[in-house]
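> My structure is below; once you've seen it, I'll send some questions.
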Amino acid sequence: MTLLKEPDFGTPERPGEPTVSVEVDGLPVAVPEGTSVMRAAALAGIDIPKLCATDSLDAFGSCRLCVVEIDGRRGTPASCTTPAADGMRVRTQTPKVEKLRQGVMELYLSDHPLDCLTCPANGDCELQDMAGVVGLRQVRYGYEGENHLDAEADRSNPYFDFDPSKCIVCSRCVRACGEVQGTFALTIEGRGFDSKVSPGAGELFMDSECVSCGACVQACPTSTLQERSVVELGMPTRSVVTTCAYCGVGCSFKAELRGDELVRMVPYKDGGANEGHSCVKGRFAFGYATHPDRVLKPMVRERITDPWREVEWEEAIRTVARGMRSIQERHGSGAIGAITSSRCTNEEVYVVQKMVRAAFGNNNVDTCARVCHSPTGYGLKQTFGESAGTQDFRSVAQADVIVVIGANPTDGHPVFASRMKRRLREGARLVVIDPRRIDLVRSPHIEAAHHLQLTPSTNVAVINAMAHVVVTEDLVDKSFVADRCEGFAEWAEFVSRPENSPEATESITRVPSEELRAAARLYARAPNGAIYYGLGVTEHSQGSTMVMGMANLAMACGNIGRDGVGVNPLRGQNNVQGSCDMGSFPHEFTGYRHVSDDAVRTVFEDLWGRTILAEPGLRIPNMFDAAIDGSFRGLFVHGEDIAQSDPNLKHVTAALEAMELVVVQDLFLNETAKFAHVFLPGASFLEKDGTFTNAERRVNRVRAVMKPKTGKHEWQIVCEIAAAMGYPMEYDHPGQIMDEIAQVTPTFRGISYASLDKLGSIQWPCNEEAPEGTPTMHVDEFVRGKGRFVVTTYLPTNERTTSRFPLVLTTGRILSQYNVGAQTRRTGNVAWHPEDLLELHPHDAEVRGIGDGDMVTLTSRVGETTLRARVSDRMPPGVVYTTFHHPVTGANVVTTENSDWATNCPEYKVTAVQVGLAHPLAGRAADRVQDDRHAVVD
Amino acid sequence: MANDIAAAFGHLPDEQAAEAVAGHIQRFWDPRMRARLAEFVDGGAEGLSPVIVAALRPAGRTDGTAGD
């Protein structure tokens, strides 16, 4: 349910041209074949009463409220389950159906609490609405008979209540859980009058398989499933459409408020990325924005050992500007730089890189994509000519074979995972390439055809072996390759070599050769084969090589340039794509154009009025190295927590300690702020105007639902720092910044706030050739002209397991938490994941005497931490896994400085470690976890 | 890192590999990093791939500037 009502046509849209003509209450309407009578009526402007029907779910035909009469047909069929037929004449309001509907409503209400005035859904209840629509005036059956009015409510979930006394057993929640979310956690228990919705066999919601995506709450037509925030605060009174600030799916939401108090976030049906769906983070985990831990006043200190001192904005900005200039005077203009954030808007990122290039006078700007998807940018640019994924999310609905490599979409990109699972339930085949048995390998109604459970660090060997099969078994799409690609012969000769065969690589990858051959054949022979990948690809010393390897395979099989195919990075943070697009890599301007390109540089120099260096600046790891060697002394960190998120934390903190001036702009005093001299409080996404660009290149508007609690917009603060350093950057509104971005960036030429408001969202490139954007890339030709095959030699990582460090650690995320946890740890989501856990195989646990739940030490060549063990056969023997959501664990204490050869992206996924039972006193660490949890949610 | 770049282009003939490595370093590395690498090469290049040495010293250049 939602305050801002979007049209609901009752049943889903059917594809195709309108070829069936029907007449509804005398009004003619043409619809595609298979369209329901209910939808046809709605398209004619006639809403038929309904309770169990909604257009996000297949018709169910249970509530009997939508009955109609059809000329020439007997009885009163349900309009939701009756397909419109050519020449059909439908009557939606006749004395007969009116009487039937009233009778149905009477029965519903005879077993429903009539506490409408005090019900949290008052004014937002479809049962209430339908009672009015059908003209119900009395309930003849009384309320004394058998009923469910005393049914006990389940309040176990932190975000919503389940009150079965209000349930009308329409099954919308059950169907939403299955059809939309794909979890199948809910069921109808019992028969007849005893029928009731249940999250498993007598379980509470919190103990069930429910993932708290909110689809059931949204689908519920009554107050049976109700947001706790609505119960506590009351019904919202206004609604603003904006974009989620969590992962790279980029879901659109209606932020529903009372005054300036956010009551709930409801997924927006017109959101191009999510089309009305959500996950637990975007839907419910917004409480961090008003958490008492937020810092709202600027603070400064001389030394990092001093206490913070609150100051006015003017002093804080002056301190930054003077400090940075002073460092440059003493150590050279290249001694300072900045890190932009993928959690910030495009406009904020743009002004930071502009400040660095124009006001700092160097190119020392990098973005946190350095440590996640920089190999995507490099690899796809080399092969396809554009540093971005090829498809929109809808494309997966046309895929016949889906290959998921090094990604865990159900946890990391859950709303996209729901789309993918829907397609898999429809019959698409799945190949999972991952050391872990992630949920996609086998979950309700889904089973991967092949799970290639490779040894971490051997991605390139696996992709080369798949290519070997494609080339040597004559599975290449020869016409595609001949027409559209170059470099094939050399590459084909390379992958055909015996050392790249599945049999030869089996000893390295541990993937059975026959299994790999079968997976390769499946992908190559599919009419449409799509590849989706994540950080399990990029965060390796050969991350860029692997991206190019996947691009090679896709080109060889002709799987580029149409719906249902492609090579698609699943981006971690909300604006990873955007932060890269906005020119915050040290070697590139906006739109991925190199700083050495004279023509491009001239555009910026003319507009900005400053000379721009033609040489690349420092990347993040280079900044740390340069800080330790003394040539880099001042850093502005915008919205990132490098002291928790970056690898080998000892090295990171040593670099931060070595600097003269560290400026942190963030919502909270994060781990990096412990090393800062100036803290500039940031604004939450609820306080921002701007845009985010998601993993499908979709530029979405972010709209402020309230003023910044700090009194200043983040882009304003950056501009004021630049001005204080002698370079005015003047904008009245972020829309002007986007106009400037469009002016200097060919792929953004047609994007403006006006065009975004008109079209909802736009996938770049958007320009004269594609005025409404580009959902699918490389349709007729690649951006670089010919797609380029690149030889991708497998080179083992330098990280080696030894008798001292015999296990391989990989890291990743969990559904309920987000990255370093700065936001989600400050929400009710800690109920699901209060601490980082180390998953290890039962064999590895047993030989070490480790039991499930024991505290263990995790030691690598560079560091050690303590955390709780979870014994799990999801892991293969020899591989352990943990998350990095909690600073108390600091998982990156153990990760090394190995990095991708092309981009410096850290090799987070491969660390040789040892695990052992912790000293009994380490139990105190568990207490610290508990303390941390309470500190952040109290 | 430099050796890793050289290895990534290891499938190419030596001259082409040196050219590719030089181009990559020129395109992605900050000048101070390139200068430091050049100093290392001039200091004997111990442990460094010959491809890197060739990349930084094309046609007898020793100033640390990568080739075009």
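The values are calculated or read from the model by the stated rules, or taken from the named source; none is laboratory data. Worth saying up front: this structure is predicted, and the values here are computed from it rather than measured. Glycine gets a Cβ as well: all are built from the backbone with ideal geometry, and neighbour counts include every protein chain shown. These accessible areas exclude ligands, DNA and RNA; they are computed on the full protein's heavy atoms, side chains included. Shrake-Rupley method; radii C 1.70, N 1.55, O 1.52, S 1.80 Å.
> Between residues in segment A:673-695 that are under 14 Å from A:Met706 (Cα atoms) and open to solvent by 10 Å² or more (accessible area, probe 1.4 Å) and residues that are among the polar types (S, T, N, Q) and part of a strand (DSSP E or B), which pairs lie under 9 Å by C-beta distance while being six or more apart or on different chains?
A:Phe685/A:Thr242; A:Phe685/A:Thr243; A:Lys688/A:Thr242
> Sticking with this one: Among the residues of segment A:885-893, is any open to solvent by 10 Å² or more (accessible area, probe 1.4 Å) and not β-branched (Val, Ile, Thr)?
The answer is yes; a qualifying residue exists.
> Further question: Here is a check on your reading of the model: is A:Gln128 open to solvent by 10 Å² or more (accessible area, probe 1.4 Å), closer than 30 Å to A:Ala397 by Cβ, of a type outside the set (D, E, K, R) and in contact (Cβ under 8 Å) with a residue 12 or more places away in the chain? Don't jump to the end; show me each part of the working.
Values: open to solvent by 10 Å² or more (accessible area, probe 1.4 Å): yes; closer than 30 Å to A:Ala397 by Cβ: no; of a type outside the set (D, E, K, R): yes; in contact (Cβ under 8 Å) with a residue 12 or more places away in the chain: yes.
Criteria not met by A:Gln128.
> Can you tell me which residue in segment A:237-287 is most open to solvent (accessible area, probe 1.4 Å), limited to those that are part of a loop (DSSP other than H, G, I, E, B) and among the β-branched types (Val, Ile, Thr)? I'd like the intermediate steps shown before the answer.
First, pick out the residues of segment A:237-287 that are part of a loop (DSSP other than H, G, I, E, B): A:237, A:244-246, A:248-251, A:259-260, A:268-279, A:285-286.
Keeping just the survivors that are among the β-branched types (Val, Ile, Thr) gives A:237, A:249.
Working: A:Thr237: 102, A:Val249: 2 Å².
Among residues in segment A:237-287 that are part of a loop (DSSP other than H, G, I, E, B) and among the β-branched types (Val, Ile, Thr), the one most open to solvent (accessible area, probe 1.4 Å) is A:Thr237.
> Out of A:Asp873, A:Asp931, A:Asp938, A:Asp927, I need the residue that is touching a helix residue (DSSP H, G or I) at 6+ places or on another chain (Cβ under 9 Å), open to solvent by 60 Å² or more (accessible area, probe 1.4 Å) and either farther than 28 Å from A:Ser374 by Cα or modelled with pLDDT under 70 (or both). Which one? Full working, then the answer.
Values: A:Asp931 fails: touching a helix residue (DSSP H, G or I) at 6+ places or on another chain (Cβ under 9 Å); A:Asp938 fails: touching a helix residue (DSSP H, G or I) at 6+ places or on another chain (Cβ under 9 Å); A:Asp927 fails: touching a helix residue (DSSP H, G or I) at 6+ places or on another chain (Cβ under 9 Å).
The conditions single out A:Asp873.
> Looking only at residues in segment A:570-621 that are in contact (Cβ under 8 Å) with a residue 12 or more places away in the chain and of a type in the set (Lys, Arg), which one is farthest from the other protein chains (Cβ to nearest Cβ)?
A:Arg571
> State whether the residues of segment A:452-459 include one that is under 30 Å from B:Ile5 (Cβ atoms), polar (S, T, N, Q) and surrounded by fewer than 20 Cβ atoms within 10 Å (Cβ to Cβ).
Initial filter on segment A:452-459 (under 30 Å from B:Ile5 (Cβ atoms)): A:452, A:454-459.
This time we only want the ones that are polar (S, T, N, Q), so: A:455, A:457-459.
Subsequent filtering for residues that are surrounded by fewer than 20 Cβ atoms within 10 Å (Cβ to Cβ) retains none.
The answer is no; no qualifying residue exists.
> Follow-up. Is it true that A:Val862 is in contact with a Gly (Cβ under 6 Å, 6 or more places away or on another chain) and modelled with pLDDT under 95? Break it down into steps so the answer makes sense when it comes.
Numbers: in contact with a Gly (Cβ under 6 Å, 6 or more places away or on another chain): no; modelled with pLDDT under 95: yes.
For A:Val862, the condition - in contact with a Gly (Cβ under 6 Å, 6 or more places away or on another chain) and modelled with pLDDT under 95 - is not met.
> Now for a separate question. Filter segment B:3-51 for residues that are open to solvent by 70 Å² or more (accessible area, probe 1.4 Å) and within 11 Å of chain A (Cβ to nearest Cβ) and give the result.
Hits for segment B:3-51 are B:Arg27, B:Arg36.
> Right, next: Of the residues A:Glu499, A:Glu506, which is within 14 Å of another protein chain (Cβ to nearest Cβ) and either at negative phi or crowded, with 24+ Cβ neighbours inside 10 Å (or both)? Steps first, please.
Values: A:Glu506 fails: within 14 Å of another protein chain (Cβ to nearest Cβ).
Going through A:Glu499, A:Glu506 in turn, the sole match is A:Glu499.
> Residue by residue through segment A:542-601, note down the ones that are among the basic types (Lys, Arg) and open to solvent by 10 Å² or more (accessible area, probe 1.4 Å).
Within segment A:542-601, the first condition is being among the basic types (Lys, Arg), and the residues that meet it are A:562, A:571, A:593, A:601.
Answer for segment A:542-601, where residues must be among the basic types (Lys, Arg) and open to solvent by 10 Å² or more (accessible area, probe 1.4 Å): A:Arg562, A:Arg593, A:Arg601.
> Can you name the residue in segment A:905-915 that is out of contact with any Cys (no Cβ under 8 Å at 6 or more places or on another chain) and open to solvent by less than 10 Å² (accessible area, probe 1.4 Å) and is also farthest from the other protein chains (Cβ to nearest Cβ) among such residues?
Among those residues, the one meeting the criterion is A:Val915.
> How many residues are closer than 13 Å to A:Val211 by Cβ and open to solvent by 10 Å² or more (accessible area, probe 1.4 Å) when one looks only at segment A:393-411?
At the first step, the residues of segment A:393-411 found to be closer than 13 Å to A:Val211 by Cβ are A:409-411.
Of the ones still in play, those that are also open to solvent by 10 Å² or more (accessible area, probe 1.4 Å) are A:410-411.
Qualifying residue count, segment A:393-411: 2.
> A further question on this structure: Evaluate the following for A:Val783: is it open to solvent by 40 Å² or more (accessible area, probe 1.4 Å) and among the β-branched types (Val, Ile, Thr)? First the steps, then the outcome.
On the way: open to solvent by 40 Å² or more (accessible area, probe 1.4 Å): yes; among the β-branched types (Val, Ile, Thr): yes.
Considered against the rule, which asks whether it is open to solvent by 40 Å² or more (accessible area, probe 1.4 Å) and among the β-branched types (Val, Ile, Thr), A:Val783 comes out as yes.
For (1) among the aliphatic types (A, V, I, L, M); (2) under 29 Å from A:Thr545 (Cβ atoms); (3) free of Cβ contacts under 8 Å to residues at least 24 places away in the same chain, each residue gets a yes or a no:
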| position | (1), (2), (3) |
| --- | --- |
| A:Thr367 | no, yes, no |
| A:Ser387 | no, yes, no |
| A:Val396 | yes, yes, no |
| A:Gly406 | no, yes, no |
| A:Gly412 | no, yes, no |
| A:Ser418 | no, no, no |
| A:Lys421 | no, no, no |
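> Then there's this: Of everything in segment A:891-904, what is more than 13 Å from chain B (Cβ to nearest Cβ) and over 22 Å from A:Arg436 (Cα atoms)? Give them in sequence order.
Across segment A:891-904, the qualifying residue is only A:Val893.
> Further question: In segment A:85-110, what residues are touching a Lys or Arg at 6+ places or on another chain (Cβ under 9 Å), open to solvent by 10 Å² or more (accessible area, probe 1.4 Å) and within 18 Å of A:Ile46 (Cα to Cα)?
Matches in segment A:85-110: A:Met88 only.
> Given the criterion surrounded by fewer than 17 Cβ atoms within 10 Å (Cβ to Cβ), touching a residue at least 60 places away in the same chain (Cβ under 8 Å) and not in a helix (DSSP H, G or I), identify the matching residue among A:Gly135, A:Gly145, A:Gly123.
Details: A:Gly135 fails: touching a residue at least 60 places away in the same chain (Cβ under 8 Å); A:Gly145 fails: touching a residue at least 60 places away in the same chain (Cβ under 8 Å).
So the residue among A:Gly135, A:Gly145, A:Gly123 that is surrounded by fewer than 17 Cβ atoms within 10 Å (Cβ to Cβ), touching a residue at least 60 places away in the same chain (Cβ under 8 Å) and not in a helix (DSSP H, G or I) is A:Gly123.
> Now for a separate question. Conditions first: (1) surrounded by 23 or more Cβ atoms within 10 Å (Cβ to Cβ); (2) at pLDDT 95 or above; (3) over 25 Å from the mean Cα position of the chain (by Cα). A:Asn648 passes all but one, so which condition is the exception?
(2)
> Just to be sure before I move on: is A:Ala627 among the hydrophobic types (A, V, I, L, M, F, W, C), surrounded by 24 or more Cβ atoms within 10 Å (Cβ to Cβ) and within 14 Å of chain B (Cβ to nearest Cβ) in the structure I sent?
Numbers: among the hydrophobic types (A, V, I, L, M, F, W, C): yes; surrounded by 24 or more Cβ atoms within 10 Å (Cβ to Cβ): yes; within 14 Å of chain B (Cβ to nearest Cβ): yes.
Taking the combined requirement at face value, the residue satisfies it.
> Has segment A:291-309 got any residue that is modelled with pLDDT under 95 and open to solvent by 40 Å² or more (accessible area, probe 1.4 Å)?
Looking through segment A:291-309, none of the residues is modelled with pLDDT under 95 and open to solvent by 40 Å² or more (accessible area, probe 1.4 Å).
A quick yes/no check of all residues on (1) under 25 Å from A:Asp129 (Cα atoms); (2) in a loop (DSSP other than H, G, I, E, B); (3) of a type in the set (A, V, I, L, M, F, W, C); (4) free of Cβ contacts under 8 Å to residues at least 12 places away in the same chain:
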{"residue": "A:Asp8", "(1), (2), (3), (4)": "yes, yes, no, no"}
{"residue": "A:Pro15", "(1), (2), (3), (4)": "no, yes, no, no"}
{"residue": "A:Pro18", "(1), (2), (3), (4)": "no, yes, no, no"}
{"residue": "A:Val22", "(1), (2), (3), (4)": "no, no, yes, no"}
{"residue": "A:Val29", "(1), (2), (3), (4)": "no, no, yes, no"}
{"residue": "A:Glu33", "(1), (2), (3), (4)": "no, yes, no, no"}
{"residue": "A:Arg39", "(1), (2), (3), (4)": "yes, no, no, no"}
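> Right, next: Kindly indicate which of A:Val847, A:Val880 is surrounded by 20 or more Cβ atoms within 10 Å (Cβ to Cβ) and modelled with pLDDT of 95 or more. Steps first, please.
Details: A:Val847 fails: surrounded by 20 or more Cβ atoms within 10 Å (Cβ to Cβ).
Of A:Val847, A:Val880, the one residue that is surrounded by 20 or more Cβ atoms within 10 Å (Cβ to Cβ) and modelled with pLDDT of 95 or more is A:Val880.
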